[in-house]
Amino acid sequence: MRLNERYLLAVALVCIALAGNFGAGARADAVHTPKKGSAEEHGIFKSLQGSPAHSYKVHYLKVHNGWAWADVTPLDTKGKPVAEGGPQFLRQKAGAWTVLDLSKVPDDPNDPLGAQDASVGFIKNLRKKYPAVPKDIFPKPSH
């Protein structure tokens, strides 16, 4: 093989490798529920450590592009609730998850459940405050 052919082959292999990495990243950014026991799930639970929880019962958890919506109940070592669960809105920056304050999202007077039901009106108001949040992390409202 001549030098030019080797060079072209090397460039082609690098391009194929880069294309494979970009494709894998795109798949990782799809809406998903973190695998039980994964580093991603652990990072989210660590950010929820406002209560003395040993573990969490997950009612709902979806993640997409560094945003998450979680509804979990903290449990003690015997599996008993240690605090009331409820919706949590999280953002990942620089590898760390942070719980965002849902009380800063304007209430809709026609929708008393708001965040508790992830209602259409509440999500609309939340997305006004955080326009980059993907719609697909939210549960379907019950009403």
*May I ask for the distance between the Cα centers of segment 29-98 and segment 116-138, given as a whole number of Å?*
18 Å
*In nanometres, what is the gap between the two model label sites at S55 and K135, each 7 Å from Cα along Cα-to-Cβ?*
3.6 nm
*Could you list, in their original order, any pairs among K93/K140; K93/K135; K78/K124; K104/K135; K36/K140; K78/K135 whose Cα atoms are separated by more than 30 Å?*
K78/K124; K78/K135
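Taken together, the values in this text are just the output of simple stated rules run on the coordinates, not laboratory data. Just so it is clear, the structure is predicted and the values come from calculations on it, not from any experiment. Glycine gets a Cβ as well: all are built from the backbone with ideal geometry, and neighbour counts include every protein chain shown.
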